[in-house]
Amino acid sequence: MDKETKDIGEVVLAPPDGGAEHRPAPPARLLGTSTGRALLVAAVMLATLVGVGGLALGGGTGRPAAGPAQRPVEAAAAARSAERPEGCVAPDRRLNLYAVELPRDPATNQVRLGYGLTPQTASYPGPTMEMIEGECLAITLHNQVPAATLEALRTDPEHPVGVSLHVHGVKYTQQSDGTVHSNSFVPPGASRTYFWFAKPRTGASQGTAGYWWYHDHVVGGPHGTQGLRSGLFGGLVVRRQGDPRPDRTYVTVFGDRQTINLRRSADADTCDPVDPVPGPTCLVAKLGERVEFIVIGIGDDMHTFHVHGHSWADTRTGLAEGSKALVDSIPIIDNKTLGPGDSFGVQIVAGDSVGPGHWMLHCHMQFHSDLGMSTTLHVLDENGQMPPHAGGHAPAAPAGGAAAPAGGHANHR
Amino acid sequence: MDKETKDIGEVVLAPPDGGAEHRPAPPARLLGTSTGRALLVAAVMLATLVGVGGLALGGGTGRPAAGPAQRPVEAAAAARSAERPEGCVAPDRRLNLYAVELPRDPATNQVRLGYGLTPQTASYPGPTMEMIEGECLAITLHNQVPAATLEALRTDPEHPVGVSLHVHGVKYTQQSDGTVHSNSFVPPGASRTYFWFAKPRTGASQGTAGYWWYHDHVVGGPHGTQGLRSGLFGGLVVRRQGDPRPDRTYVTVFGDRQTINLRRSADADTCDPVDPVPGPTCLVAKLGERVEFIVIGIGDDMHTFHVHGHSWADTRTGLAEGSKALVDSIPIIDNKTLGPGDSFGVQIVAGDSVGPGHWMLHCHMQFHSDLGMSTTLHVLDENGQMPPHAGGHAPAAPAGGAAAPAGGHANHR
Amino acid sequence: MDKETKDIGEVVLAPPDGGAEHRPAPPARLLGTSTGRALLVAAVMLATLVGVGGLALGGGTGRPAAGPAQRPVEAAAAARSAERPEGCVAPDRRLNLYAVELPRDPATNQVRLGYGLTPQTASYPGPTMEMIEGECLAITLHNQVPAATLEALRTDPEHPVGVSLHVHGVKYTQQSDGTVHSNSFVPPGASRTYFWFAKPRTGASQGTAGYWWYHDHVVGGPHGTQGLRSGLFGGLVVRRQGDPRPDRTYVTVFGDRQTINLRRSADADTCDPVDPVPGPTCLVAKLGERVEFIVIGIGDDMHTFHVHGHSWADTRTGLAEGSKALVDSIPIIDNKTLGPGDSFGVQIVAGDSVGPGHWMLHCHMQFHSDLGMSTTLHVLDENGQMPPHAGGHAPAAPAGGAAAPAGGHANHR
């Protein structure tokens, strides 16, 4: 059954039906995934000599791998060479990122966590990261989420407690993978530095420019399902030298329970009409501004991203440029399917040809939009105002509404 | 739970579980969406002076926006400038479109509505629209669907009664948005003119050429779910100067209940063998004809579009042309995922290399095709005939069928 | 309801609810699909004279088409011209393919079938086929699956018993379609030769180079749902002259019950740490090797394919090459949605920039990965060894694990 999570607090770790599933008892505290299993087997079998030149998954030290208790010490030496991805000689920038607990969702009472550049500014989505190809970033993640909160989010008491930072698209070593099996997560109260390298486009490399995202991979289980569900995710854009810069960037995360950025219905569009503050729940732009959306899928469900009145190119940048043959081959679209883990970028000129107004932005799965997976791109005029009655023109004939008389006919042409 | 609608008559407006959802009482008859909410807030707060140059969602008139009852009058003046999208100086063509009620689905007894260029020719899908970039179209929609029918399709008595015309891909102002919040729908017995502009590709514009669709956005709820479910949709192709023209164009709408154009099983393929009439339930072509499919996803479910024996380029046109590097980069596919709201175009040469025959066209989700989401592209020979036994070659060994003996072996090479 | 098959043995042929479905009684043993119906109608109506030049689905012989019992004899003559697709003058290669029954799935007890180049080497996925554009392949399929097994997999006793070979992307006539309505399947104990033509790219043809797959289309029902579910599928890559060759190719089939190649959890990653044997359940490569994945979707569910630490171009080859404008337009991705029937190729350089390690490869739908739809790409160092602690670096602060103290703070920068 293709399930759709209706309660974000629910933990999906029930054993599948349809057959007995034999899970070996976890031999160490960190295991449980197939990867963990491979590591375990490696640890057990390493007493066997491994031939040089062959394929062998175990380490070549000739002695059993250390158990969890000994790992930190031994790993210190090995870590140095594998800490940064090749090409990242030294970080170009360093920043701190805090994982904190936020007030529970007022509508659902679900736990909310967030990433922030400061503990006070943590949010979901977390801060939008921007890099340019060639850049190396060092991000120190501080886990300030109470241990009790993290413990409550897991169903398997053997699963470790911590948060992590896993990123899509850019380059990182296993030490920045943000996974359990690589021990690259952060226990409560601790911190850890992750290295991201936006490897540039060269003859030998296709580069890493693109619309990506980052997220926890540890909270609640080996895939971070509870971390994602609670709010530990954010957008990342890697630009290539020469890429056009937008005037505004919004992150729209399409997720379970018919949510955009974990909100739905009125909670997804909280723009103040007098002083709208652009943000995750207030998509607003002036006429002619270049607006960029980083669209991300999370959770269990499929979605489609649709904007009224605007379209974009289905390319790396959301724009179509180049020779006539190239441009002619590129689809222009206004609706795009995305599954969990997918991310793409949309660039539009607000109100281009269509003018100001309240332009709907929604999932086009009908039951999703009907249940509130819908918000609005508010396009203001050049003065930053919504023109009177923009989007308020009434039908030409007897006024709409439930009580409207139905018999009239008035072709207003 | 990822639901799949089994009864098209069902209305999906049930409140989601998993948490209390606080819906504010609708203050006016048109509200209920988050967009509607923003409009309401705007109306309430407009007495507050709005600073010039800032971002403000409310109108800048300095007085409260009119309530629904007053809107039509006030909107008349504002409408003139915002009626047509920029670039559409005057319509190049005008046409009438009629929304009517059709006989109920014989298999399911569900309500059927259709668009038609005349009331007598209404169908689902509606007429396939074709535009060329640069063209501006004025379409006057006449709502001839009985009010009682539309009332029966809504569950919320506050939701207005009407039909609309919402289009993908081309340019239109809020007045042609076809939505409730913009009052751009048509009450029963009334009519309204919508303007579509196929903005051309220029240095500053990526153009609007593509495979699109149009549909109701009002029947039953603010996303037109009941309108779509009943048949109010159709295909639109916008061509760019120089695009290849097909010999035949078919629209295949993949939707809920395992349907193609709202039909399944035998109802999806009703070609008369002697005098097949090409249409939504009869896909037929002669060998060598260029056939174009406009593939559209509607409803709640994901699908994949697959054709036997034929493939196409995953580009704007369905064709691959240009430099070797460009062509080499373009995927050729014969199966493509589409979600609700997605639309794309396929161009194939009927029977190219593979000859005449009954070529299956189906959703490749196994339970969808097993339940009848499958039809046939009948490719006839040059004389417009199906060769004897095309697709009728029996297995070389003991004849197939349930009763066939199973032991024989006859390699016919 | 969007179902997700939990028991592969289940047969999905239940009539849909939501309305009466009138299925005409099957007039012959082969019918049941809409295509079958069209054939039947053709047979019935062919006594009517068919006008030359018009469109007619029935054969032009002027006499009723033969019923199933007579078909084999009559088809013999017609078969000769329609046996091979246009352009395939003579097969460049011939090979045998055996469909056999394999031991049942140890975890679920479900039936397992496989294709093999010999009966002894049959597997699921079947052997990966490789062709180059211009090549014509003759594959003789020998059905060695016991009739009783095939009979048990169908619920409709009218459905024929046999296996077939249906292929995506390349060219074939109806006689190589592998479907029931075309009688191109193989009863138990029999064999049949299928012809595949990898039509080349020319001015008039877009070619057939791409990542494709082949599968049964007959077992259990007219769409081969039970054949697919049991293991009758495999990958096919068609290369274009000049395409880069990988060092290793893996097929990863994403299917129902949260499976990769029909396995999940530990069964999906069975690499021996000392002597890993590359294969469907052991994805392993040395640092710097070019690894190709053929990614295929089967069954009823949507999935997303994600690899940690690596990314690829969303093109025909998985690589991005050409002019700056072209390359700049191509999305680089590390996560891609695929539905049943979809197939695409990924090319990566193992460990590029990121080094050796246990790199997760999983479906990013959270409940899928949590339920075991996850495996590992094991990237070894240049010597074919997994470096000590690759992927084993512990958190800098208090060791992870359930019992770890949560209060410590140790920024290891």
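Worth pointing out:
- With a 10 Å cut-off around each Cβ of B:158-170, the average count of Cβ atoms from other chains is 4.
- 3J(HN,Hα) from dihedral phi, the range A:297-310, Karplus parametrisation 6.51/-1.76/1.60, rounded to Hz, x for glycine, proline: x, 10, x, 10, 10, 7, 8, 10, 9, 9, 10, 6, x, 10
- Placed amide H near B:Thr376: partners under 5 Å, 5+ positions off or other chain: B:Leu283, B:Leu361
- Beyond 20 Å in Cα-Cα separation lie the following of the pairs A:Lys336/C:Lys324; A:Lys171/C:Lys336; A:Lys199/B:Lys336; A:Lys286/B:Lys171; A:Lys336/C:Lys199: A:Lys336/C:Lys324; A:Lys199/B:Lys336; A:Lys336/C:Lys199.
- Full-stretch length increase - B:Arg245, B:Ser323 - with 0.36 nm per residue and alpha-carbon distance subtracted: 25.9 nm
- Here is how far apart the C:Glu158 label points are across copies: 5.2, 5.2 nm, shortest first, using a point 7 Å from Cα toward Cβ.
- The range B:362-377 - phi-based ³J(HN,Hα) in whole Hz, Karplus 6.51/-1.76/1.60, Gly and Pro as x: 8, 6, 8, 5, 4, 6, 5, 5, 4, 8, x, 7, 7, 9, 9, 8
- For the range B:264-326, the gyration tensor built on C-alpha atoms gives an oblate shape. Its axis ratio a/c (a ≥ b ≥ c) is at least 1.5, and a/b is not larger than b/c.
- Sorted from closest to farthest, the other copies place their B:Glu86 label points 4.9, 4.9 nm away, with each point set 7 Å from Cα along Cα→Cβ.
- Measuring nothing but how far apart in sequence close Cα pairs (under 8 Å, 6+ apart) lie, relative to its length, the range C:284-385 scores a relative contact order of 41 percent.
- Using a Förster distance of 56 Å, the FRET efficiency for A:Ala148-C:Glu382 (Cβ separation, nearest 0.05): 0.75
- Once you reduce the range B:241-262 and the range C:165-226 to the center of their Cα atoms, the two points are 24 Å from each other.
- Average other protein chain Cβ within 10 Å of Cβ, residues C:143-156: 1
- FRET efficiency, A:Asp156 to C:Thr202 (Cβ-Cβ, R0 60 Å, nearest 0.05): 0.55
- Loop GluC sites (Glu not before Pro), the range C:93-181 (other Cβ atoms within 10 Å of the site Cβ: 10 or fewer; DSSP): none
- Counts of other chain beta carbons within 10 angstrom of each beta carbon in peptide C:259-268 average 3.
- B:Gly231 long-range amide H proximity, modeled H, under 5 Å: B:Leu113
- Distances between placed amide hydrogens fall under 5 Å for B:Glu130 paired with B:Val237, all partners being 5 or more residues away or on another chain.
- Percent RCO, i.e. relative contact order, over the range A:209-322, from Cα pairs under 8 Å lying at least 6 residues apart: 26
- Whole-angstrom gap from the range C:114-149 to the range A:300-361, using each part's C-alpha centre: 42
- Shape class of the range B:77-127 from the Cα gyration tensor (axes a ≥ b ≥ c, square roots of the eigenvalues): prolate, since a/c reaches 1.5 or more and a/b is larger than b/c.
- For the range B:153-290: rounded, prolate or oblate by the Cα gyration tensor [a/c cutoff 1.5]: oblate
- Once the Cβ-Cβ distance of C:Glu86 and B:Val89 is raised to the sixth power relative to R0 = 45 Å, the FRET efficiency obtained is 0.35.
- For the range B:326-386, the relative contact order works out to 29 percent when only alpha carbon pairs closer than 8 Å and six or more residues apart are counted.
- Taken one residue at a time, the phi angles of the range B:98-112 give Karplus couplings (6.51, -1.76, 1.60, θ = phi - 60°) of 10, 9, 9, 8, 10, x, 4, 4, x, 7, 10, 6, 7, 4, 10 Hz. Gly and Pro are set to x.
A short reminder: the numbers here are calculations on the coordinates, not readings from a lab. Since the model is a prediction, treat every value here as computed from it, not as a measurement. Cβ: placed from backbone, ideal geometry, glycine included. Neighbour counts: every protein chain shown.
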